[in-house]
Amino acid sequence: MSRIAKLALTACFTFAGLTGMAEAQTPQRGGEVKIWLNADIRSLEPGINRDANTDTIVHQIYEGLVGFTRDLTVGPALADRWEVSADGLRWTFHLRDNAVFHNGAKLTSADVKAAWERQWNNPAWTCKRVFTQPGGLQVQSVEAPDPKTVVYTLKEPSALLLSWLASVQCGVVVAHEDSFGPDGKFRAPIGTGPWKLSDWRRAQRVVLQRFDGYGASAAPASGYSGAREVLLDQVTYMVIPDQSAAEAAIQSGAIDLMPNADVERVDALKATGLRVQSSPGLSWSTILIQTNDPVLKDVRVRQAIAHAIDLKQIAEIRTVGLAGPSPSPVSPSMSFYDESFAAWPAYDPAKAQALLRQAGYRGQVIKLQTNKRYSGMYDNSVAIQSMLSAVGFRVELEVLDWATQLSNYANGNFQLQSFSFSPRLDTGLAFTSIIGDKTQNPGAQWGSPEAIRLLSESGVISDEAKRADIFRRLHKMMAEEVPTIGLYFTPQVVASRQDIQGVTTWAAGWPVTWGIWRQR
């Protein structure tokens with residue numbers, strides 16, 4: 001698919017006509033908007049004990065050197081410009097002059113360096129591994145030669161530094177040293193973002209107040225990049241675990257905004273008079289396969305699983321026809337995407353049965369882990385259990401609480417898992433979410449030495465055509481080895497009350513709060 005065609009698809013994907021859109025009006029300052037959270041956040045320490053909900057709040061309070069823009073490129077945030085040395089080893093970032101922490105302290109390069117070192121030395125920061133890749137991205141040092149300059153020095157040139165610094169999941173943002181006690185333990189979130197924490201009542205709500213001392217970037221607001229100037233006085237994230245209860249809450253006015261609404265509820269939400277918007281998403285629903293498992297280590301068994309699953313049917317049902325199947329971590333929203341990334345073992349139950357016979361499968365029980373916190377994961381697991389059983393697999397669902405399932409994922413403690421990866425905004429990062437040495441990172445799904453080598457190579461070269469070829473080769477290998485089965489990318493659906501203006505959707509997921517205002 002051409003880039004122009006993809007942009008057209010994106011434009012058509014936005015349901016501007018689902019409900020009557022308000023005519024352009026002058027934005028108004030003040031007021032509060034209440035936003036739905038389907039579960040409480042886990043922490044406010046950047047990059048530590050995180051999940052998608054946690055990342056959302058963290059990126060309202062803190063800023064990093066750079067951030068992803070709406071078109072999935074990397075743009076300025078705390079750094080308003082940067083340059084790379086001729087040998088590709090030194091990246092020099094120049095901080096904007098007006099960044100101020102919530103405690104009134106002006107941002108300096110020493111704060112950036114200290115925040116980096118704090119994460120680097122924290123064993124709970126899982127992203128250290130992506131900055132220490134043998135043969136790939138390896139950060140040698142971070143220095144602060146003057147108050148407004150930060151220098152990253154790499155061991156080898158890398159095309160991925162900016163993407164990883166902007167990574168939503170890694171949380172490479174700047175927390176002030178007062179965020180931590182004398183013992184080094186996190187105690188309060190103090191960032192440079194447009195919102196500061198007012199109140200967090202666990203399992204109930206997270207309240208953020210506008211930081212009036214915020215010094216905005218000179219770059220235009222775009223995703224997590226640029227000027228994050230907010231109009232509201234306060235945003236409150238309300239924890240409501242049940243979507244039906246959340247729908248009742250938005251209809252009554254107890255909440256104003258429902259991000260990540262279930263795509264199957266689009267028509268029902270429209271019928272209530274809510275404004276509903278959507279865009280292609282980057283949250284990748286998958287079935288994870290433990291390739292070290294005694295049964296599943298046989299590639300023929302994994303290929304049989306692939307042939308037994310009707311990806312088209314699952315995507316059609318789960319996205320109400322808004323998205324097709326996506327076996328690859330490369331999304332149609334990404335610039336590297338072409339039709340070769342849709343290639344996958346065809347749905348063929350007879351072929352699946354033949355492969356099981358060849359592998360000598362004897363009906364051993366295979367457990368498929370899932371949870372009910374995320375209805376899509378549970379529904380996918382039920383459908384896949386049925387499809388696998390139809391060709392002769394003996395599959396049992398193991399329904400866990402989300403925290404336990406997430407821990408099992410991180411430790412590789414499963415046979416099959418119904419899972420969803422939060423948005424990876426860079427093609428290389430999307431593959432990094434599944435490729436890695438299992439002996440070093442038990443959460444890696446695909447431990448192929450050749451896949452690891454190719455991914456590492458893609459992070460070093462800057463030639464876009466060569467990188468694209470590597471990504472195509474990786475997908476072809478993935479279709480042969482079947483270390484993970486991609487299902488679909490969930491469309492982003494956002495419902496809001498009619499008096500809430502300025503809400504936008506983007507592929508990264510949660511709508512940004514800067515620019516939102518309440519009509520009075």
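Full extension of the chain between Asp71 and Ser462 gives 138.8 nm of extra length, using 0.36 nm per residue less the Cα-Cα distance. Entry note, the chain: the mean residue ellipticity at 222 nm calculated from DSSP H runs of n ≥ 4, each adding -39500 (n - 2.57), is -8000 deg cm²/dmol after division by the residues and rounding to the nearest 500. So what does the Cα-only Debye profile of the stretch 421-466 read at q = 0.21, 0.26 Å⁻¹, as log10 I(q)/I(0), no solvent term? With no solvent term, the Cα-only Debye profile gives -0.72, -0.98. Round to the nearest 0.05 the FRET efficiency obtained for Lys476 and Ala110 when R0 = 35 Å and r is the Cβ-Cβ distance. My answer for the efficiency is 0.15. Placing dummy labels 7 Å off each Cα toward the beta-carbon, the span from Lys155 to Asp499 is 5.8 nm. Summarised as an ellipsoid, the chain has semi-axes of 36, 29, 21 Å, derived from the eigenvalues of the Cα gyration tensor scaled by 5 and square-rooted, with the largest first. Working ranking of peptides 375-384, 182-191 by packing, defined as the average number of other Cβ atoms within 10 Å per residue, highest first, is 375-384, 182-191.
Over the C-alpha atoms of the stretch 410-520, the Rg to Rh ratio, Rh being the Kirkwood estimate, stands at 1.11. The length gained on full extension between Asp212 and Ser407, counted as 0.36 nm times the residue separation minus their Cα-Cα distance, comes to 66.3 nm. Cβ-Cβ distance of Lys312 and Gln251, R₀ of 41 Å, FRET efficiency by 1/(1 + (r/R0)^6): the value works out to about 0.75. Remark: spin-label model distance Arg187-Asn441 equals 3.4 nm, labels positioned 7 Å along the Cα→Cβ axis. Between Leu137 and any residue 5 or more places off or on another chain, the built amide H atoms are never under 5 Å apart. The ranking of Asp267, Asp256 by Cβ neighbour count inside 10 Å, starting from the fewest, reads Asp267, Asp256. Net length available on complete extension from Asp267 to Ala346 is 25.3 nm, with 0.36 nm assigned per residue and the Cα-Cα distance removed. From most to least packed by mean Cβ count within 10 Å, the peptides 424-430, 33-39, 403-409 give 424-430, 33-39, 403-409.
Kirkwood radius for the stretch 165-271, taken over all pairs of different Cα atoms as the inverse mean of 1/r, rounds to 16.7 Å. For Arg373 and Asn103, the FRET efficiency from 1/(1 + (r/R0)^6), where r spans their Cβ atoms and R0 equals 41 Å, is about 0.70. Cross-linked pairs Lys113/Lys155; Lys297/Lys466; Lys128/Lys148: Cα-Cα separations exceed 23 Å for Lys297/Lys466; Lys128/Lys148.
Here, P(r) means the percent of Cα pairs in each 10 Å bin from 0 to the largest distance; for the stretch 208-344 it is 9, 24, 27, 24, 12, 3, 0. Ranking of Tyr224, Tyr374 by neighbouring Cβ atoms within 10 Å, starting from the fewest: Tyr374, Tyr224.
FYI, it's all coordinate maths here, none of it is from the lab. Quantities reported herein were computed from a predicted structural model and do not represent experimental measurements. Heads up, the Cβs are rebuilt from the backbone with ideal geometry, glycines too, and the neighbour counts pull from every protein chain shown.
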